[in-house]
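Engineer: Just dropping this structure here.
The values are calculated or read from the model by the stated rules, or taken from the named source; none is laboratory data. Predicted model, so just to flag it, every value in this text is computed and none were measured. Note that each Cβ is placed from the backbone with ideal geometry, even for glycine, and that neighbours are counted across all protein chains shown.
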Amino acid sequence: MKVDMVVMRHSSPGAPHFLSKHIKANIVNAGDGTHEHPTQALLDAFSIREKLGDVAGKKVAIIGDILHSRVALSNIFCLQKLGAEVMVCGPITLLPKYIADLGVKVEHDVFKALQWCDVANVLRIQLERQQIKYFPSLREYSLYYGINKQLLNRLDKEIVIMHPGPINRGVELNSDVADSEHAIILQQVENGVAIRMAVLYLLAGVR
């Protein structure tokens, strides 16, 4: 069909890279399996910069299902490149064994992670990508890793709450946090449109 660009989301990691070897069009990776989601990382980094003025020197905790998240890996690479410190936090069963090799801090206590960070990027439980049970129940996950207003009130500082969406309300985030002044989730959605427009614009100028 001789298209100029393909925006591709695929269940297999590496599928966009594979396609790029076989057609001349520019390929935008919109998420490949549990591998990466580059434009989400770009909009997340832009949203942090918009809120806090810069990404360099900031402490960002990525909390939740790291093992099955493509957002986590892209965020780690992007944020480190921009000079941020990154921590991952979640149950040991939802953290990849290699994760510490990427130069990130690893924490299993969500309160300690929140106390450390300037920004908490909270990920949803990816039940559709889990072939086995990684924790007893959603209720227990929420009890130990869910973020609510009471937990934030225990901190000795204010932090920024992010989420790539969609939110499992009452699991990883309570509504009193998702809809609070701490959260920039709606700004992320808005910035996502602009960032992806910019990606398409820049790629369109290549050919």
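Engineer: Return the pair list, or none, for Cβ contacts closer than 7 Å from residues in the range 45-62 that are within 10 Å of residue 84 (Cβ to Cβ) to residues that are small (Gly, Ala, Ser) and assigned to a helix (DSSP H, G or I), at least 6 apart or on different chains.
Structural biologist: From residues that are within 10 Å of residue 84 (Cβ to Cβ), the pairs are 55/45.
Engineer: Just need a number here: residues in the range 104-122 that are in a loop (DSSP other than H, G, I, E, B) and more than 17 Å from the chain's Cα centre (by Cα). Explain how you work it out, then say what you get.
Structural biologist: Start the filter on the range 104-122 by keeping residues that are in a loop (DSSP other than H, G, I, E, B), which leaves 104, 108-109, 117-118.
If we keep only those that are more than 17 Å from the chain's Cα centre (by Cα) too, we end up with 108-109.
The number of residues fulfilling the criteria is 2.
Engineer: When you check residue 28 against the structure, is it aliphatic (A, V, I, L, M), within 25 Å of residue 201 (Cβ to Cβ), part of a loop (DSSP other than H, G, I, E, B) and out of contact with any Gly (no Cβ under 6 Å at 6 or more places or on another chain), yes or no? Even if it seems obvious, please write down each step before you answer.
Structural biologist: Numbers: aliphatic (A, V, I, L, M): yes; within 25 Å of residue 201 (Cβ to Cβ): yes; part of a loop (DSSP other than H, G, I, E, B): no; out of contact with any Gly (no Cβ under 6 Å at 6 or more places or on another chain): yes.
Here the answer is no, as residue 28 does not meet what is asked.
Engineer: Shifting gears a bit: If residue 141 meets every condition in (1) surrounded by fewer than 21 Cβ atoms within 10 Å (Cβ to Cβ); (2) touching a Phe, Trp or Tyr at 6+ places or on another chain (Cβ under 8 Å); (3) farther than 22 Å from residue 44 by Cα apart from one, which number is that one?
Structural biologist: Of (1) surrounded by fewer than 21 Cβ atoms within 10 Å (Cβ to Cβ); (2) touching a Phe, Trp or Tyr at 6+ places or on another chain (Cβ under 8 Å); (3) farther than 22 Å from residue 44 by Cα, only one is false for residue 141: (1).
Engineer: Taking the condition buried (at least 16 other Cβ atoms within 10 Å of the Cβ), in contact with a Gly (Cβ under 7 Å, 6 or more places away or on another chain), at pLDDT 95 or above and among the β-branched types (Val, Ile, Thr), does residue 122 pass?
Structural biologist: For residue 122, the condition - buried (at least 16 other Cβ atoms within 10 Å of the Cβ), in contact with a Gly (Cβ under 7 Å, 6 or more places away or on another chain), at pLDDT 95 or above and among the β-branched types (Val, Ile, Thr) - is met.
Engineer: Considering only the range 166-207, state which residues are surrounded by fewer than 17 Cβ atoms within 10 Å (Cβ to Cβ), part of a loop (DSSP other than H, G, I, E, B) and among the hydrophobic types (A, V, I, L, M, F, W, C).
Structural biologist: 206
Engineer: For residues in the range 73-100 being of a type in the set (S, T, N, Q) and either in contact (Cβ under 8 Å) with a residue 40 or more places away in the chain or outside any helix (DSSP H, G or I) (or both), which is surrounded by the most Cβ atoms within 10 Å (Cβ to Cβ)?
Structural biologist: 75
Engineer: Here is a further query. Just checking, does the range 102-110 include any residue being at pLDDT below 95, in the same structural domain as residue 48 (by TED's automatic domain parsing) and not small (Gly, Ala, Ser)?
Structural biologist: no
Every residue, every condition in (1) surrounded by 17 or more Cβ atoms within 10 Å (Cβ to Cβ); (2) touching a strand residue (DSSP E or B) at 6+ places or on another chain (Cβ under 8 Å); (3) over 27 Å from residue 142 (Cβ atoms), yes or no:
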residue	(1), (2), (3)
2	no, no, yes
16	yes, yes, yes
20	no, yes, yes
37	yes, yes, no
43	yes, no, no
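Engineer: Next question, about the same structure. If I go through the range 145-177 residue by residue, how many of them are of a type outside the set (D, E, K, R) and either under 18 Å from residue 65 (Cα atoms) or touching a Ser or Thr at 6+ places or on another chain (Cβ under 7 Å) (or both)?
Structural biologist: Here the count works out to 16.
Engineer: Moving on. Which condition does residue 59 not pass, out of (1) more than 21 Å from residue 152 (Cα to Cα); (2) in contact with a strand residue (DSSP E or B) (Cβ under 7 Å, 6 or more places away or on another chain); (3) not assigned by TED's automatic domain parsing to the domain that holds residue 195, if it passes all the others?
Structural biologist: Tallying (1) more than 21 Å from residue 152 (Cα to Cα); (2) in contact with a strand residue (DSSP E or B) (Cβ under 7 Å, 6 or more places away or on another chain); (3) not assigned by TED's automatic domain parsing to the domain that holds residue 195, residue 59 fails exactly one: (1).
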